[in-house]
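Colleague: Below you'll find the structure I mean.
The values are calculated or read from the model by the stated rules, or taken from the named source; none is laboratory data. Quantities reported herein were computed from a predicted structural model and do not represent experimental measurements. Every residue, glycine among them, receives a Cβ derived from its backbone with ideal geometry; neighbour counts consider all protein chains shown. Accessible surface areas use protein heavy atoms only, side chains included; no ligands, DNA or RNA. Shrake-Rupley method; radii C 1.70, N 1.55, O 1.52, S 1.80 Å.
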Amino acid sequence: MFKHVFLTGPPGVGKTTLVQKACEALVSSGVGVEGFYTEEVREGGRRVGFDVVTVAGERGQLSRIRDFAGSSHGRREYTVGQYVVDLPSFENLALPLFRNEGAADGGSRKVFVIDEVGKMELFSQSFIRAVRQTLDSSSCTILGTIPIPKGKPLGLVEEVRSRRDVKVFTVSKENRNAILQDLIATVQNCLQHTT
């Protein structure tokens, strides 16, 4: 029995867009949705970083190219490729969402969006703990995204991928328009089995 749904696929294939479309459909069918997305930030046509955007519309910085990053004031610097990760900014926005999720009102069915469980986010030990707790909690269904395996396996990503209660959809340019209905149906099915 699946409890959670994750999308995987190459960068830029449309995972976040699919999650957003699924959430719109779920909200209009009366399902509560919380959590966060990762969005590209562009300036002058080039990608300069990523922001975390909550379902409620709050925005915070996740990462920037070094020229745009500002100084980290003697804090340890976390980088992925050319991006400098702003860990405090990410944690300040994302972690309270998990705490609220845990306090969700008993009877309501909820979807919790985690886009994504990726390299940048996994610098946060608190985020890793929060994701594990949410995977094991029975109060919500996670709709999340994970990267495709590349290079060294990421512990939590592999954990998610191998869980028996997680259904993983692999998104490609060919199937991304066709799987939306299947994705929504799977999430709704998961919701019926959360308590």
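Colleague: Any residue in the range 22-38 that is outside any loop (DSSP other than H, G, I, E, B), open to solvent by 60 Å² or more (accessible area, probe 1.4 Å) and either farther than 27 Å from Ala178 by Cα or touching a residue at least 40 places away in the same chain (Cβ under 8 Å) (or both)?
Modeller: Initial filter on the range 22-38 (outside any loop (DSSP other than H, G, I, E, B)): 22-28, 32-38.
In the following step, the residues that additionally are open to solvent by 60 Å² or more (accessible area, probe 1.4 Å) were identified as 24, 27-28.
Those left that are additionally either farther than 27 Å from Ala178 by Cα or touching a residue at least 40 places away in the same chain (Cβ under 8 Å) (or both): none.
Within the range 22-38, not a single residue is outside any loop (DSSP other than H, G, I, E, B), open to solvent by 60 Å² or more (accessible area, probe 1.4 Å) and either farther than 27 Å from Ala178 by Cα or touching a residue at least 40 places away in the same chain (Cβ under 8 Å) (or both).
Colleague: Sticking with this structure for a sec: Of the residues that make up the range 60-78, is at least one surrounded by fewer than 18 Cβ atoms within 10 Å (Cβ to Cβ) and at pLDDT 95 or above? Give the steps one after another, and end with the answer.
Modeller: At the first step, the residues of the range 60-78 found to be surrounded by fewer than 18 Cβ atoms within 10 Å (Cβ to Cβ) are 60, 65-68, 70-77.
Okay, now just the ones that are also at pLDDT 95 or above, so 60.
Yes, the range 60-78 has at least one match.
Colleague: Here's another thing I want to ask about it. Is it fair to say Ala104 is open to solvent by less than 50 Å² (accessible area, probe 1.4 Å), at pLDDT below 90 and farther than 30 Å from Ser139 by Cα?
Modeller: Against the criterion (open to solvent by less than 50 Å² (accessible area, probe 1.4 Å), at pLDDT below 90 and farther than 30 Å from Ser139 by Cα), Ala104 does not qualify.
Colleague: Pick out the one residue from Val168, Val117 that is modelled with pLDDT of 95 or more, surrounded by 16 or more Cβ atoms within 10 Å (Cβ to Cβ) and outside any loop (DSSP other than H, G, I, E, B).
Modeller: Numbers: Val117 fails: outside any loop (DSSP other than H, G, I, E, B).
Unique residue meeting the criteria: Val168.
Colleague: Only residues in the range 70-83 that are over 16 Å from Lys119 (Cβ atoms) count as the first member; pair them with residues that are open to solvent by 60 Å² or more (accessible area, probe 1.4 Å) and modelled with pLDDT under 65, Cβ under 6 angstrom, at least 6 apart or cross-chain, and list the lot.
Modeller: Pairs that qualify, where the first residue is over 16 Å from Lys119 (Cβ atoms) and the partner is open to solvent by 60 Å² or more (accessible area, probe 1.4 Å) and modelled with pLDDT under 65: there are none.
Colleague: Now for a separate question. Specify which of the listed residues (Gly45, Gly14) is open to solvent by 60 Å² or more (accessible area, probe 1.4 Å) and more than 23 Å from Arg129 (Cα to Cα).
Modeller: Details: Gly14 fails: open to solvent by 60 Å² or more (accessible area, probe 1.4 Å).
Sole residue among the options that is open to solvent by 60 Å² or more (accessible area, probe 1.4 Å) and more than 23 Å from Arg129 (Cα to Cα): Gly45.
Colleague: Still on this model: How many residues are touching a residue at least 24 places away in the same chain (Cβ under 8 Å) and open to solvent by 10 Å² or more (accessible area, probe 1.4 Å) when one looks only at the range 131-149? Give the derivation first.
Modeller: So the first thing to find is which residues in the range 131-149 are touching a residue at least 24 places away in the same chain (Cβ under 8 Å), and the list is 131-135, 137-148.
Then drop every residue that is not open to solvent by 10 Å² or more (accessible area, probe 1.4 Å), which leaves 132-133, 137-139, 147-148.
The qualifying residues number 7.
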